[in-house]
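Step one of this worksheet: look at the structure below.
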Amino acid sequence: QVQLAESGGDLVQPGGSLRLSCTTSRSTLEQYDIGWFRQAPGKDRERVSCIKSSDGSTYSYDDMKGRTTTSKDTAEGTVYLQMDNLKPQDTSVYYCGTARAPDHFRCGGQLSAHNGTWGQGTQVTVSS
């Protein structure tokens, strides 16, 4: 029943900002931790951030740590990824994802093709 849909990707200049949205349901956000991921052509999927179902606490990872703010509106069933000071290397397709069943994914853990489900992704291109 988990359904995820990303939106908000765009072409933006270096140093610019974007806010991505992950639309799902209130029920999903009450039960599932939600991760943001990105994958560029020829590269592995990379963790960007994560937000917990329990209290909304967040994590950010690697190159984008300090440049992202993750939040959610549980009632509306939407998770947001605010990205600031974007760099050309941030160019990628961005996905939100979680497990196929409750408690099979936690922020800080792994999300594999076996246990994960994602939306279609939204393209972010950072270029002058």
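The values are calculated or read from the model by the stated rules, or taken from the named source; none is laboratory data. On a predicted model such as this, the values are computed, not experimentally measured, just so you know. Note that each Cβ is placed from the backbone with ideal geometry, even for glycine, and that neighbours are counted across all protein chains shown. These area figures cover heavy atoms from the full protein model, side chains too; ligands, DNA and RNA do not enter into them. Shrake-Rupley method; radii C 1.70, N 1.55, O 1.52, S 1.80 Å.
The table below lists the values:
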quantity: Cα extents of the stretch 37-98 along the three principal axes, largest first (Å); calculated: 36, 22, 17
quantity: Candidates C107, C96, C22, ranked by Gaussian network fluctuation over the chain, Cα under 10 Å, top entry; calculated: C107
quantity: Residue among P41, P102, P88 with the largest mean-square fluctuation in a Gaussian network model of the chain, springs linking Cα atoms under 10 Å; calculated: P41
quantity: Antiparallel bridges, percent of DSSP beta bridges restricted to the chain (to nearest 5); calculated: 95 percent
quantity: Sequence of H114, H104 from largest to smallest accessible area, 1.4 Å probe; calculated: H114, H104
quantity: Along each principal axis, Cα extent of the stretch 5-59, largest first, Å; calculated: 35, 22, 20
quantity: The stretch 30-92: relative contact order as a whole-number percent, Cα under 8 Å and 6+ apart; calculated: 26 percent
quantity: Cα-derived Rg to Rh of the stretch 77-128, Kirkwood definition; calculated: 1.04
quantity: Value of relative contact order over the chain, rounded to a whole percent, pairs C-alpha under 8 Å and six or more apart; calculated: 35 percent
quantity: The stretch 1-42 - accessible surface per residue (Å², probe 1.4 Å); calculated: 52 Å²
quantity: 5 Å binning of all Cα-Cα separations within the chain, expressed as whole percents from 0 upward; calculated: 2, 12, 23, 26, 20, 11, 5, 1, 0
quantity: Karplus (6.51, -1.76, 1.60) ³J(HN,Hα), θ = phi - 60°, over the stretch 4-20, in Hz, Gly and Pro reported as x; calculated: 9, 9, 8, 7, x, x, 6, 8, 9, 6, x, x, x, 10, 9, 10, 8
quantity: Extension gain (nm, one decimal) between D73 and S112, 0.36 nm per residue minus Cα-Cα; calculated: 11.5 nm
quantity: Coil-residue trypsin sites (Lys or Arg not before Pro) of the stretch 49-128, DSSP, other Cβ within 10 Å capped at 11; calculated: K65
quantity: Helical contribution to [θ] at 222 nm, DSSP H n ≥ 4, -39,500 (n - 2.57), averaged over the chain, rounded to 500; calculated: -1000 deg cm²/dmol
